[in-house]
Amino acid sequence: MKTTLYALALILGLGGVLKAQDYGEDSVKCRENLYIYYELAKKKQWLEAYPGWEYVYNNCPASSKNNFIYGPYIVNAKIDEAEKAKDAAAEKKYKNMLMEVYDKRNQYFPGKEGYVAARKALDMLRNFPDSTKATYDLFKLALELDGPEQSAAFYNYYFVTAARLFNDKIFTVEDVFNSYNVVMEGIEVNTNALNITIADLVEKRDSNGVALDQKEERELAKADRELDRYVKVESNIEKILGPIATCDKLNLIYNEESFAANSGDTLWLKRAAKMLQKERKNDEGDYEDCTDAPIFFKISDALYKLQPSAPSARGMFVMAYRNGDYDVATKYIKEAIGFEVDPIKRSNDYIKLSSVYLKRGLLSSAKGAAIQAANLNKSSGDPYILLGTIYAAADGKCGSNVFEKKAVYWAAIDKLQYAKSIDASVSGKANKLINIYKQQLPDKGVSFQLGHTSGEKYTIGCWINETVTVSF
């Protein structure tokens, strides 16, 4: 009787965690060990949980899904223990057991095969470094089963395995580019969703004067953390890809022959246009891409005709801009802005719009577009670098004397200094422009004759409308 009551208490003590599953031949002992290891696992006491978990795993694996939810954590702790003890035999045993845990989960509790494949791939990458192709295939399977809503770590290691296969001469350059496109498309899905969430919450908080409730504050903080992870992964992948994705290599893959074979394939065209448009900062802080390849214009034109979208409109913008047709370039980049939902990408499009306005001499419009870019991406210094350039381009256009006409350089320098303060990556370019613009500041003697002294607050008129501190 006592045994029966004890068993019942164990079941109730699990708070409904146990389901009507198979408890094996000795159901009481199974329940006892399940309860013991479960309580320890909840406290992340993985090593202490192992004996109870091992009994359940070997004798009644179908008793609870928790055997396979907590199993990888428990077995990984045993692997770490064996590594520290330099016990190679135990280490091998637990590594093999870890892979088996994932397979048995699918056997006893099917329904999350994609999730299991992703988790198994991450553990396989760590524990079986020579099984790169098998690891890559698991990542690929997880993506096929569960779609693009994967973690930042998933995408990072998916591409790491592709790069390793390339280094091992198993993958070609084209294989790596295909993997890169798959990974970047997946990251884009996740960052788009996060950026929209963040933009909506920030808009509610900053523009409408409505304080966020605790749930929204937590949601915003979580979205910020997640976005930061994806951004760091994207940066890491770009560093890995950089030495591989040279324009020469891209031109070998995206050429007249491949275009002829894929001119009606929207996905191929989209990926080709994206690869050729991919901007990378050089040592001077300027952006470079591979859009000067002749095939890029055919790809962009074909893609735009098949599927007008933000990426295809950007391709048409580049084509018009390179041809010096700035009116048409303006039209296409405005289309891209209209299509785009990601605030960061819209910010970059506004930078392009501002740049083309600057080319057309429409300085006030250029300023407005640059400010839009800054508002959409508050951590980037690029919009302020552009603002500084726009203000400098107004030399001689605002004011009636030499002091007033040259005062725009103080405004330009202020924007460049601010750009450095929020974004260290633009410091080199900002410092270079600051040194140039300092040489153009109003002369101290002439300024004094016109009634202006150091430390004075001076407001620049016309469309600039900035207040600067006079400093010689």
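The values are calculated or read from the model by the stated rules, or taken from the named source; none is laboratory data. Just so it is clear, the structure is predicted and the values come from calculations on it, not from any experiment. Because the Cβ atoms are built from the backbone with ideal geometry, glycine has one as well, and the counts that use them run over all protein chains shown.
Considering each residue of segment 104-126 in turn, at least one proves to be crowded, with 19+ Cβ neighbours inside 10 Å and among the acidic types (Asp, Glu). Regarding segment 40-53, can at least one residue be identified that is on the phi < 0 side of the Ramachandran plot, touching a residue at least 40 places away in the same chain (Cβ under 8 Å) and hydrophobic (A, V, I, L, M, F, W, C)? Scanning segment 40-53, I find no residue that is on the phi < 0 side of the Ramachandran plot, touching a residue at least 40 places away in the same chain (Cβ under 8 Å) and hydrophobic (A, V, I, L, M, F, W, C), so the answer is no. For segment 123-133, the criterion of a residue being farther than 30 Å from ASN58 by Cβ and touching a helix residue (DSSP H, G or I) at 6+ places or on another chain (Cβ under 8 Å) is satisfied by at least one position.
So is LYS378 basic (Lys, Arg), loosely packed, with under 13 Cβ neighbours inside 10 Å and farther than 30 Å from ASP342 by Cβ or not? No, not satisfied. The selection criterion, being over 30 Å from ALA163 (Cα atoms), of a type in the set (A, V, I, L, M) and modelled with pLDDT of 95 or more, does not hold for ALA117. Residues that are small (Gly, Ala, Ser) and out of contact with any Pro (no Cβ under 6 Å at 6 or more places or on another chain) number at least 1 in the following helices (runs of 4 or more DSSP H) confined to segment 45-118: 46-59, 71-84, 88-108.
Among the residues of segment 381-396, those that are under 41 Å from the mean Cα position of the chain (by Cα) and in a loop (DSSP other than H, G, I, E, B) comprise GLY381, ALA394, ASP395.
Let's see how each residue does on (1) surrounded by 14 or more Cβ atoms within 10 Å (Cβ to Cβ); (2) modelled with pLDDT of 90 or more; (3) closer than 23 Å to GLU288 by Cα:
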{"position": "ALA162", "(1), (2), (3)": "yes, yes, no"}
{"position": "PHE166", "(1), (2), (3)": "yes, yes, no"}
{"position": "THR197", "(1), (2), (3)": "yes, yes, no"}
{"position": "GLU203", "(1), (2), (3)": "no, no, no"}
{"position": "SER207", "(1), (2), (3)": "no, no, no"}
{"position": "LEU212", "(1), (2), (3)": "yes, no, no"}
{"position": "ARG218", "(1), (2), (3)": "no, yes, no"}
{"position": "ALA223", "(1), (2), (3)": "yes, yes, no"}
{"position": "GLY242", "(1), (2), (3)": "no, no, yes"}
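Remark: pairs (first residue in segment 168-192, exposed (fewer than 15 other Cβ atoms within 10 Å of the Cβ); second residue part of a helix (DSSP H, G or I); Cβ separation under 8 Å; 6+ apart in sequence or on different chains) = ASP168/THR132; ILE170/THR132; ILE170/LYS133; THR172/PHE166; GLU174/ILE253; ASP175/ALA162; ASP175/LEU165; ASP175/PHE166. Return the residues of segment 251-281 that are among the acidic types (Asp, Glu), out of contact with any strand residue (DSSP E or B) (no Cβ under 9 Å at 6 or more places or on another chain) and under 21 Å from GLU185 (Cα atoms); say none if nothing qualifies. Residue satisfying the conditions is ASP265 alone.
Of the residues making up segment 382-435, just one is at positive phi and either in contact with a Phe, Trp or Tyr (Cβ under 7 Å, 6 or more places away or on another chain) or touching a residue at least 24 places away in the same chain (Cβ under 8 Å) (or both), namely GLY399. Restricting segment 214-273 to residues that are assigned to a helix (DSSP H, G or I) and aromatic (Phe, Trp, Tyr), the residue that is nearest to GLU174 (Cα to Cα) is TRP268.
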